[in-house]
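Okay, structure first, notes after.
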Amino acid sequence: MSASMSSPTMLQTAAAAALEFAKSHGATAAEVEVSTSVGQNVTVRLNEVETIEHNRDKALGVTVYVGQQRGNASTTDLSSAAIGRTVDAALAIAKYTAEDAFAGLADAERLAVAPFASYDLYHPWQPSIEEAIEHCRAMEAAAFAVDKRIDNSEGGTLSTYKSDFIYANSLGFMGGYPTTRHSASVTMIASNKSGMQRDYWYSVARSKDRLETPASIGARAGRRTVSRLNAKRIATADMPVIFDSTVSPSLIGAFVGAVSGASLYRKASFLMDSVGTQVFAKSISIAEDPFVPHGLASGPFDSEGVATVARDVVKDGVLQGYFLSSYSARKLGLASTGNAGGNHNLIVSHDDIDLAALLKKMGRGLYVTETMGHGGNGVTGDYSLGAAGFWVENGEIQYPVEEITIAGNLRDMFKSIVAIANDALPYGSKRVGSVLIDKMSVAGE
């Protein structure tokens, strides 16, 4: 593992001190997370520097259990005295909370065992302010160079970030690792007689070398912006819809929400009791892989120290399992899936076709590149969003469209997936290409 940005010993010492103080002051169990982070954020707009931000943070959060009563508190001061006061505060809170039969640390047998693999998540990059400014200017310049109708900018931003953490509990678990996350983006505005349009492009990666170049980000932002000029509305109808790969992860996010523990034990999910049933089209499989090198959602254990596992979440359209923390698992009479803190890298199967071939497969319909609003109802699965994109005829983009609403029910939408392109972006915890859905309601004119 690469050397950390800060002393792991300092974090370990703080964590051990919190646990010892909790134990000696009446806690029957305790867990603590200590973290430090350093970041830089630079934004340039119209070639002029708009913001330069530096962040340096540290925090300790402790949760104590007194029997089945739970209390938690946090501090940004890692001195011994401050840690003691924080644990005292957590203990005081625990005295006034109701007993919860499902509260407690993760099951000891499910905790990850050292040594922990690193998965190549730490690639510190500290560009000088001058270098960061030039990076942003290069993105803007590349975007402006695309077309003279691009006449304004909302700015280009470069963010570099590194962090380190230790999680420990009174069962003897202690582990942590450093990570980095760098991102670059630019948003442009184009104008003509039809009005103004805006669009953007971005890149996110663990290492500088895996970021798209400023020239590439700017050019893509410019092309996307110009392509939206002269947008029209379309007539209300039912039609096939393609969700672009920048939008399709939100569909998988809605699925994750519906099969996550908190929604299930509250009976607030349209996918209740769905393990072993078909929830997607038979051609769709979804794998969870916490061990992807450089992955933005990779790691050897979850936020409770439970060992992560690679698994099939959906296989041939059939749901294989939920996303559960220790608490939600106990509420449901199941076992933790190592998902306290969220899902790890979800990789959705795809067909051996690119976006152009997916458009050909659709033939005639709507290609959505932006959505607006909150989307799905987690209880009913009803889905409705404002959208913008392009009208497609004979498998070819004809013109941009705007001021429309797309609607359906997620249960039906998941089963009506016709095909998925191979254009997934590696920019988040859900890797899914552009998705073609057989039929949705589109409200326009």
Legend entry - Flag if LYS232 is under 22 Å from ARG137 (Cβ atoms), out of contact with any Asp or Glu (no Cβ under 6 Å at 6 or more places or on another chain) and either assigned by TED's automatic domain parsing to the domain that holds ILE404 or in contact (Cβ under 8 Å) with a residue 40 or more places away in the chain (or both): no
Legend entry - All positions within segment 265-276 that are over 16 Å from ILE417 (Cβ atoms) and not charged (D, E, K, R): TYR265, ALA268, SER269, PHE270, MET272, SER274, VAL275, GLY276
Legend entry - Residues that are surrounded by fewer than 17 Cβ atoms within 10 Å (Cβ to Cβ), touching a Ser or Thr at 6+ places or on another chain (Cβ under 7 Å) and among the polar types (S, T, N, Q), drawn from segment 60-99: SER74
Inset, instruction - For PHE144, state whether it is surrounded by fewer than 16 Cβ atoms within 10 Å (Cβ to Cβ) and touching a strand residue (DSSP E or B) at 6+ places or on another chain (Cβ under 6 Å). - result: no
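Restricting to strands (runs of 3 or more DSSP E) lying wholly in segment 175-271: which have 3 or more residues that are touching a Lys or Arg at 6+ places or on another chain (Cβ under 7 Å) and under 30 Å from ALA14 (Cα atoms)? Please lay out each step first, then the result.
On the way: elements: 178-192, 195-205, 237-243.
Result: 178-192.
When you scan segment 97-105, do you find a residue that is within 30 Å of TRP201 (Cα to Cα), at pLDDT 95 or above and acidic (Asp, Glu), even just one?
Within segment 97-105, not a single residue is within 30 Å of TRP201 (Cα to Cα), at pLDDT 95 or above and acidic (Asp, Glu).
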Legend entry - strands (runs of 3 or more DSSP E) completely within segment 306-400 that count 3 or more residues being among the charged types (D, E, K, R): 311-315
Legend entry - For VAL442: the one exception among (1) outside any loop (DSSP other than H, G, I, E, B); (2) under 20 Å from the mean Cα position of the chain (by Cα); (3) touching a residue at least 40 places away in the same chain (Cβ under 8 Å): (2)
Legend entry - Subset of segment 203-226 [in contact with a helix residue (DSSP H, G or I) (Cβ under 9 Å, 6 or more places away or on another chain) and crowded, with 20+ Cβ neighbours inside 10 Å]: SER203, LEU211, PRO214, ILE217, GLY218, ARG220, ALA221, GLY222, THR225
Legend entry - Residue count for segment 355-372, restricted to those that are in contact with an Asp or Glu (Cβ under 6 Å, 6 or more places away or on another chain) and surrounded by fewer than 20 Cβ atoms within 10 Å (Cβ to Cβ): 2
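Would you mind stating whether ARG266 is farther than 24 Å from SER384 by Cβ and charged (D, E, K, R)?
Answer is no for this residue.
Yes/no per residue for (1) in contact with a strand residue (DSSP E or B) (Cβ under 9 Å, 6 or more places away or on another chain); (2) acidic (Asp, Glu); (3) touching a residue at least 12 places away in the same chain (Cβ under 8 Å):
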| position | (1), (2), (3) |
| --- | --- |
| SER248 | yes, no, yes |
| SER260 | yes, no, yes |
| SER263 | no, no, yes |
| ARG266 | no, no, no |
| VAL292 | yes, no, yes |
| ALA297 | yes, no, yes |
| GLU304 | yes, yes, yes |
| THR308 | yes, no, yes |
Legend entry - Failed condition for GLY156, given (1) in contact with a His (Cβ under 9 Å, 6 or more places away or on another chain); (2) closer than 30 Å to GLY305 by Cα; (3) assigned to a strand (DSSP E or B): (2)
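Listed here are the residues, each with its yes/no results for (1) surrounded by 22 or more Cβ atoms within 10 Å (Cβ to Cβ); (2) within 20 Å of the chain's Cα centre (by Cα); (3) among the acidic types (Asp, Glu).
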| residue | (1), (2), (3) |
| --- | --- |
| GLN278 | no, no, no |
| VAL292 | no, yes, no |
| GLU304 | yes, yes, yes |
| TYR327 | no, no, no |
| ARG330 | no, no, no |
| GLY333 | no, no, no |
| ALA340 | no, yes, no |
Inset, instruction - Quick one: ALA297 ticks every box in (1) of a type in the set (Gly, Ala, Ser); (2) over 14 Å from SER260 (Cα atoms); (3) buried (at least 23 other Cβ atoms within 10 Å of the Cβ) except a single one, so which number is it? - result: (3)
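Here's the yes/no breakdown for (1) within 21 Å of the chain's Cα centre (by Cα); (2) within 19 Å of ILE150 (Cβ to Cβ); (3) outside the structural domain of ALA356 (by TED's automatic domain parsing); (4) of a type outside the set (D, E, K, R):
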{"site": "ALA190", "(1), (2), (3), (4)": "no, yes, yes, yes"}
{"site": "ARG198", "(1), (2), (3), (4)": "no, yes, yes, no"}
{"site": "SER207", "(1), (2), (3), (4)": "yes, no, yes, yes"}
{"site": "ALA215", "(1), (2), (3), (4)": "no, yes, yes, yes"}
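The values are calculated or read from the model by the stated rules, or taken from the named source; none is laboratory data. Here the structure is a predicted model, which is why all the values come from computation and not from measurement. As a convention, Cβ positions derive from the backbone with ideal geometry for all residues, glycine included, and neighbour counts pool all protein chains shown.
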